[in-house]
Structures are given as structure tokens and as C-alpha cells.
1. Quick one: is residue 673 in a loop (DSSP other than H, G, I, E, B) and either touching a strand residue (DSSP E or B) at 6+ places or on another chain (Cβ under 8 Å) or touching a residue at least 40 places away in the same chain (Cβ under 8 Å) (or both)?
2. Within region 461-496, can you find the residues that are surrounded by fewer than 18 Cβ atoms within 10 Å (Cβ to Cβ) and touching a strand residue (DSSP E or B) at 6+ places or on another chain (Cβ under 6 Å)?
3. For region 204-217, give me each residue that is assigned to a helix (DSSP H, G or I), more than 19 Å from residue 47 (Cα to Cα) and in contact with a strand residue (DSSP E or B) (Cβ under 8 Å, 6 or more places away or on another chain).
4. With the requirement that a residue be surrounded by 19 or more Cβ atoms within 10 Å (Cβ to Cβ), at pLDDT 80 or above and out of contact with any helix residue (DSSP H, G or I) (no Cβ under 6 Å at 6 or more places or on another chain), what does region 281-305 give you?
5. Can you name the condition, by its number, that residue 706 falls short on among (1) out of contact with any helix residue (DSSP H, G or I) (no Cβ under 8 Å at 6 or more places or on another chain); (2) without any contact (Cβ under 8 Å) to a residue 12 or more places away in the chain?
6. Report whether or not residue 234 is out of contact with any strand residue (DSSP E or B) (no Cβ under 6 Å at 6 or more places or on another chain) and part of a strand (DSSP E or B).
7. Report, by residue number, each residue of region 54-83 that is modelled with pLDDT under 85 and either closer than 10 Å to residue 112 by Cα or in contact with a helix residue (DSSP H, G or I) (Cβ under 9 Å, 6 or more places away or on another chain) (or both).
């Protein structure tokens, strides 16, 4: 007989695996312990917090939990009474003596007497004594909790404690606990697991029902806790705010430490006040960095895909919206915390950490997390993310900015620094709440005002930004260790006016400073150079009001991109690497999964940037500028004088002008072309090697093909043409051009460059 008593069995396993601390129930007269558990992390931290709010358990005064310690029988009795929500009845049992060794003066007398006489959950030994200070064994604990659930000895029978432990396992009460040592002392970590299982169990006997309901409590399921520091009816900022907008005051003037924020679970109410919140354990949370945000799919930078719907709930800065509304805010590089259900579907999303920054800590020492505990208000068990990547103290660098997101219990560290001309501020330079730089208005955190007070409008200044682009502090330009590092895409250039979308999500505008012009020709050249920055990655500075400086980025780490080993040359890829591709139409954002399996030659990597750890966090593919090799198909035209001209087209459109050329190449030929430095023609134009009638069986996945004993790699930049439709093949619906080409025909023609890379694929009939 296995009853459906455990709806969240995974919970106990999470506790067992993650606990690194102990359980302590203190005497009533003792000073209240700290509500933080420094030696717990992740799920265990949150689950223990649920028990703390109920009064079932707490930590030690030093803020630790200590799981390997043991519990006395008296302490376990107190836990039982608190779980039963029966503290109000203790007065009836304070002055009676049930056991000769438990006098009314004993700190736990009322708990022991009530658990024994009032609830019939505990019995003494054969000599009539209770022995309150002996350690409670696992067998004793399981027996007591079975009686709490209404099971009687006649329901179980057999040999104690084995039969009792076996029965407890059959109803899920001991899930996550090793029951082979029933006579061994109960550890505090196991006690926490048992009580978490108890709170989710059903009772036996007349009426039945959930344990919490029989204890006089009410429950609300499928609740998402957004914040534990909302302003409640009493005016205190200790209430719980839920995603449906409801606010509930904590019972007994308690306050949550924030570790439950952002979780989905069951709200437990005593009247209209929160007794506790029990998180579901079936789902998991995962923090990802976005590569693509589509209507129904989120792709992270590793290439993993997560299915969403237009109605998927999204939380940003404590407010609820839907994915259809929020998608416009989600750019490549945005950090999302996804909560996944059992089927792997996304149940709800927090953008960033889910909270708006209200205060920040600036790191001033390498490998330091000084001030982080104060930032969390004493909440432990938090996870650190730096620029969307999981991090620890060793990853901290001077002038990093840390904020705390209580909704996800994460420290969010950002190293974005932006240098520019301090244009204006509100309301005053000594206490600014906002400032304008590079044409953008920045919110200023109160914790930043002391450093900003040293500057005035008109100064050059370097801003230290939070993950959500608020000003956490400021330093002088060229301060050692605080160099400007803001990178963006020049999305619009008209004359000398430019708009840049920074990768951190800020849009800036201004007139580009081209420097002094020594004659019209020089200025013209500089404007042409500026025009070539359109849809390219640039670094941004500012030299004056409404004026910006742009530097086109190129070079960086050298070497081929090895996707299997996740490195460029000798440099490893960061977990959150961003991948871009220059095209004739602009710049595309890719994920690693879009790149196929084969290596990508160094010649196709126009830029590679490394982060604080020396890992490559930005890759830009696609040749750009004079001297770069371009791949495509020739097109022939005759001018008014019947002079033959050649241009190159590919799947992005026309990529070169029509140049007069003496190359004896027909139209429709796949070539490798290099524009001359003066932009008037081709310095090189070579046909690609044709591989005819290549069967699909010659392919090794999407990343390689073997023809006549030679293996060719197939990069993401490969173009594919359908000769039947006369159109280039475009990726879509989660399928690459290779997927589509593969599915269209059993054979294809391929065109390879000298370095053994397939540059083009053709499917269908005769060329048209």
C-alpha cells in the first residue's frame, strides 16, 4: 500500500544532497538565533527557511546550521508541537507531570507533556521515564511522526523499528533518508527532511486530508513568491508579495530572509497571515544568457533551447507581465532565470535577477566579496553571477559592481564601465538621482552619490554600472583597473550622426567626432570610414556634449574556432560567449549550436574579445573591410559601353559593387574574392572547388562531409541555394540551412575553398 502522500518527493532528495548544516531547536527562553544559514546553499537553504518560518527549526546564533549534530528527545518534541501548529495549547501542559524525569521546571516540559498526553504522539520507556536529554533515534522519530499522521501500532505491526521504518518509506515519509540504521541517532539534516516530508503528507483516519489542513491551516497552491519585503497592512516591509498581486503579512512578526523569493510553491496561511511558504521541488531554476529571444523559443549562448508561449509569465523589477510583452526588452546578452517544469517547459521567467537595483557594492580588492553579506541583509546561500556567468570570489575584480536580487537570491555582478562627457544631472551635482551621458539618462543609486559628488557637469567621467544599467559609482577616466569597456553595434549612421546599441542594453546617440579635417578630401575619407561602421561592433567614448567617438573593433584572440573543444586558439570560450556574424544586410546574432560541428578558420573571425578570466566572451564572424576574403556567386553585367563588369552575390544579397574586371569567369560561378584596397576592383578572384553529386551519406552530421577521402568542414557561414526555386535557402522554424538542404534532396553539389571549408551548397535541378 503506497498512499499518495508525497506530492513533491524530490524535495527531500534535494535537502539530503545539499545540506551542510544542522538543526537546532532552542529552549523558549533562549535568545533568538540568526535567520541565516551560512553553511547551507541552494535548495536546502530555501527548504530550511520554510521550517524556520513555522517555528519548527532554526539555526545557531553564529548563523550556521550544522547538520551532523544530533537532536535530543526534548528538542524533537518541540518540533512536533510547532509542526502541529499547537503552541497556543501549551499553557494546559506547563504545570502537569507526565514523566517523573520531566519536572515542570524543565524547559521542554510543556512540549513533552503535550506531545505525549495531548497528541498521543510520544511515549516513554518501559520504566515510565522519558529521558528528555537522550538523543532521538531515526526509528523513534519515524514512529512519532507516523502517530502524528494518525497511524496506530495495529496498522503497522511487526518488529520495531524495522517495520515502522518500512511503513514510513511506503508512504514517502522517509524519502531522502537512509533507513538502514534505525537505532542510530537522528541527524539534524535528516530531521529537516522528515519534517519537510511531513508537511506535504496526508493524515490517516476519519476525515483524512492534508496534514497542514488538519493542523488548522489553509493553503494556496501554485503561488509564485515575488518579494518577501513588501509593505504589508501593518506598514512594515516584511510582507510577502505574490505574482497575482496579493500581499500577506507574516504571522508572529516574523520576516523571511528572502531565500524563498522567486520560487513557486504552496502558501500556508494561519487566518490571513503567512505561517510559511513551501516551495515546489519538482521544477528547477536555471540562469541563462540569451543568444536569441523568439516568440516561442529562447536560445541561450550554449545553444540550448527552451520552449515558451506568448502567455508565459515574466517578472521584471517586481512587476508581472507576459513573454509577448517582455520579449522586446530581451536582447542578446540579457540574463534570464528560467523556472522549468517536469517536462522541461518554462513555467515562468525572471528578467535579470528579477529585482530593480536599489543599492550596490563596488569591489575594490581582487578576489574580494567584502560587503556582499551586508548587501543581502544577512541572507546566505546566494549564488553569484558575473555578467550572466556563474562566478565566485576568485572572479571578482576591482571596480566590479554587485547588486542583490532577492527574488532569485543571487548576487548580480557587472563590470560594464562607460566613459564620457558628463552632460547634466538632476536635481544637483552633490546629490544626483539621475545624470545624462552620451545622450542617455542614467538612474543613480543612493549608494553612488558620494562618489558622484566629486564630479560636475562638463567633466570627463567613467561610470560604473549595475546589471540593469544604473549608476553605482564613478571614477576618473583612465583610472587603473577601471578602463572603459562599453561595446555596442552602430545600428544607424547618417552623415556624422550615429546611434549605437550597447550590448548592455543602452541606446546612445550623438554626433561622431571625426577629428580635425585637413581639407575636404580628408574629411570625406573619414566620413567614408564612419559609414563603414554601420552594423559593426564599436567601442564608444565621448569627448564633449552630444559628441561621441567610435572605434571599430577587430582582431583580438587569434586562432581557429574549435567548437568541440570550445576554444579559439589556446583561449577557452566563456560559458556565456556571444556570437555575431557580419552579413551584407547587417549583423546577426547566433548561438554556438548554429555554428555546426566543424572548426571555423581564423580568417572568418573578424573579432574575438576576452573577459576578466581570459575567456573569449564575444566572437564576430564574417570578413569585413578591404583585404578580406568574400565568398559568393558571380554576376555579370555590361555597362553602356559594353564593358564587362563582375559583382559578387551570396545569401545576404549583393556584397560587392560591379567592378570592371579582366578575370575570365562566367556568371553563376562560386568564387573566393578579395576587394582591392582602393575599392575599385578585385585584387583576387578564384573559383571554388566543385564537389558534384555528394550523397547525404557522405555527411558527418551538419559539420563535416567526406569526399574522395578528404574531410571538409561546414561552417555556419555556408550558403545554400535551391536551383528548383531559384532562391537562396534561409534558416527558420528552428532549422538551419543545412537541415533544409539535407531534407530537400538525397544529393547536392558543394563548393569548397582551398582551406578545406565548404562555402556553398546547391540542391535541385539545373542552375537557373
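1. no
2. Within region 461-496, 477, 485, 491, 492, 496 meet the criteria.
3. The answer is 213, and nothing else.
4. Result: 287, 288, 289, 290, 291, 298, 299, 300.
5. The single condition residue 706 does not satisfy is (1).
6. no
7. 57, 58, 59, 65, 66, 67, 68, 69
The rows are residues; the columns are (1) more than 25 Å from the chain's Cα centre (by Cα); (2) in contact (Cβ under 8 Å) with a residue 40 or more places away in the chain; (3) within 30 Å of residue 620 (Cα to Cα); (4) not assigned by TED's automatic domain parsing to the domain that holds residue 508.
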residue: 428; (1), (2), (3), (4): yes, no, no, yes
residue: 431; (1), (2), (3), (4): yes, no, no, yes
residue: 436; (1), (2), (3), (4): yes, no, no, yes
residue: 443; (1), (2), (3), (4): no, no, no, yes
residue: 448; (1), (2), (3), (4): yes, yes, no, yes
residue: 454; (1), (2), (3), (4): yes, no, no, yes
residue: 459; (1), (2), (3), (4): yes, no, no, yes
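The values are calculated or read from the model by the stated rules, or taken from the named source; none is laboratory data. If you're wondering where the values come from, they're calculated on a predicted model, not measured in any experiment. Backbone-built Cβ (ideal geometry, glycine too); neighbour counts: all protein chains shown.
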